[in-house]
Amino acid sequence: MSGGRLLNKVAVITGGASGIGFATAKRFLAEGALVTIGDFNAEAGKAALAQLAADGFGERVNFIRGDVSQEADVERLMATALDRFGGLDIVFNNAGIGGAIGPIVETDVEHWDVTFAVLMRGVFLGVKHAARIMMHRGGGSIINTASIGGVAGGVLPTAYSAAKAAVVSFSRNAATELAEYRIRVNAICPGIIFTPLMHNGRETQAEAVVADIQPWPDRGEPHHVASAVLYLASDDSAFVTGEAHAVDGGYLANGLLRVHPLPGAKKKADYAGITYGNTGQIRDVRRLP
Ligand SMILES: NC(=O)c1ccc[n+]([C@@H]2O[C@H](COP(=O)([O-])OP(=O)(O)OC[C@H]3O[C@@H](n4cnc5c(N)ncnc54)[C@H](O)[C@@H]3O)[C@@H](O)[C@H]2O)c1
């Protein structure tokens, strides 16, 4: 490894076995980082490791199966990166699921709580256990995945959007609290990014929606977000903290004047329940009368 913007920096990426997290792992490795991927889905984690090893990064990456909503798992994830690679400089709290779907009046409390446990508690735990290490090591950079759904209403499921809004607020507060330790905390707000979580196998329908509402003509890909995360992780953003950075092809700038359902969704939902994204867990969805 001769150079790179993250040369020998130690990074943890949650949800790193798929989509945005995996693209970021590839980008970080290409920039010289040492990467520990955490993910709920053990099979996807193994496949991700195999691909990264085939790309020549086998010695510089490892995978830990864990659930970001469980404190012991998050603590173990950070400790493993520290033990294996001798430091902790960058943490990307990115794991996510779609979570509770359907009308508010039909939403089960347990589904609401699971959504917040993964999307918000997971970020809190990631920051808590990253900061505990970084504050004794002279600082670091933490990036939390929010969403355009966290800064605008009417587009994405309610529980998901509320949890992502909490991620933006939490990131700003964490940034002010941790600045004295030289720990930067920023949120990233992806727009419509073509991952399995977003299109759920319906890429063509998703492309039609994007063409209608997103100003930029190209579709959002995981590598677009990875480039922005690289900027926030690296010293190029040394004076940037507490920021919520949109990567959305102008979607927010468009004003969200029209409420548009995502592919497969109807304007008035005729189902309710919870989806678990790409964790391997089976969705629990019921039709409404
Ligand atoms: N794709 C989009 O359009 C989009 C837009 C805005 C925000 N986001 C956010 O970006 C992040 C990454 O999503 P993606 O689109 O790459 O989806 P993805 O499904 O491709 O990847 C998410 C990964 O997170 C893992 N994960 C889920 N729950 C977990 C848990 N409890 N513990 C550990 N790992 C867990 C999954 O197994 C999966 O590998 C999520 O936070 C998502 O909400 C995505």
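Just one of (1) under 25 Å from GLN281 (Cα atoms); (2) touching a Leu at 6+ places or on another chain (Cβ under 7 Å); (3) not in a helix (DSSP H, G or I) trips up PHE92, so point out which.
The single condition PHE92 does not satisfy is (2).
If you check every pair at least six apart or on different chains, which have Cβ atoms under 6 Å apart with a residue in the range 39-67 that is of a type in the set (Phe, Trp, Tyr) first and a residue that is within 14 Å of the ligand (Cβ to nearest atom) and part of a helix (DSSP H, G or I) second?
Qualifying pairs under 6 Å: PHE63/GLY45; PHE63/LEU49.
Of the conditions (1) within 13 Å of the ligand (Cβ to nearest atom); (2) in contact (Cβ under 8 Å) with a residue 24 or more places away in the chain; (3) small (Gly, Ala, Ser); (4) closer than 20 Å to ILE188 by Cα, GLY149 fails just one. Which one is it?
For GLY149, the exception is condition (2).
Could you list, in sequence order, all residues of the range 49-96 that are farther than 23 Å from LEU232 by Cα and near the ligand (Cβ under 9 Å from one of its atoms)?
If the condition is that a residue be farther than 23 Å from LEU232 by Cα and near the ligand (Cβ under 9 Å from one of its atoms), then ARG65, GLY66, ASP67, SER69, GLN70, ASP73 are the ones that fit.
Would you pick out the residues in the range 95-135 that are among the charged types (D, E, K, R) and under 21 Å from ILE282 (Cα atoms)?
Passing the criteria: GLU106, ASP108, GLU110, ASP113.
Condition check: farther than 23 Å from VAL240 by Cα and in contact with a Lys or Arg (Cβ under 7 Å, 6 or more places away or on another chain). Does SER161 satisfy that? Lay out the reasoning, then the answer.
On the way: farther than 23 Å from VAL240 by Cα: yes; in contact with a Lys or Arg (Cβ under 7 Å, 6 or more places away or on another chain): no.
No, not satisfied.
Mind checking which residues of the range 168-183 are under 17 Å from VAL91 (Cβ atoms) and among the small types (Gly, Ala, Ser)?
Result: SER171, ALA174, ALA175, ALA179.
Being of a type outside the set (Lys, Arg), modelled with pLDDT of 95 or more, farther than 26 Å from LYS9 by Cβ and within 17 Å of the chain's Cα centre (by Cα) is the requirement here; does ILE142 meet it?
No: the conditions fail for ILE142.
Conditions: (1) of a type outside the set (Gly, Ala, Ser); (2) within 18 Å of ALA100 (Cα to Cα); (3) modelled with pLDDT of 95 or more. LEU125 meets all but one. Number of the miss?
Condition not satisfied by LEU125: (2).
Just for the range 145-184: of the residues that are modelled with pLDDT of 95 or more, of a type in the set (A, V, I, L, M) and not in a helix (DSSP H, G or I), which one is nearest to the chain's Cα centre (by Cα)?
My answer is ALA146.
For the range 1-83, give me every one of the strands (runs of 3 or more DSSP E) that falls completely inside it and has 2 or more residues that are on the phi > 0 side of the Ramachandran plot and surrounded by 22 or more Cβ atoms within 10 Å (Cβ to Cβ).
Those strands (runs of 3 or more DSSP E) do not exist here; none qualify.
From GLY140, GLY201, GLY154, grab the single residue that is more than 22 Å from ALA117 (Cβ to Cβ) and buried (at least 18 other Cβ atoms within 10 Å of the Cβ).
Only one candidate qualifies: GLY140.
Among ALA130, ALA146, ALA162, which is in contact with a strand residue (DSSP E or B) (Cβ under 8 Å, 6 or more places away or on another chain) and closer than 26 Å to ILE192 by Cα?
From the options ALA130, ALA146, ALA162, the qualifying one is ALA146.
Could you tell me whether the range 203-223 includes any residue that is within 13 Å of the ligand (Cβ to nearest atom) and of a type in the set (Lys, Arg)?
Within the range 203-223, one or more residues are within 13 Å of the ligand (Cβ to nearest atom) and of a type in the set (Lys, Arg).
The values are calculated or read from the model by the stated rules, or taken from the named source; none is laboratory data. The model shown is predicted, which means the values in this text are computed figures rather than measured ones. When we count neighbours, we look across all protein chains shown, and the Cβ atoms used for this are built from the backbone with ideal geometry, even at glycine.
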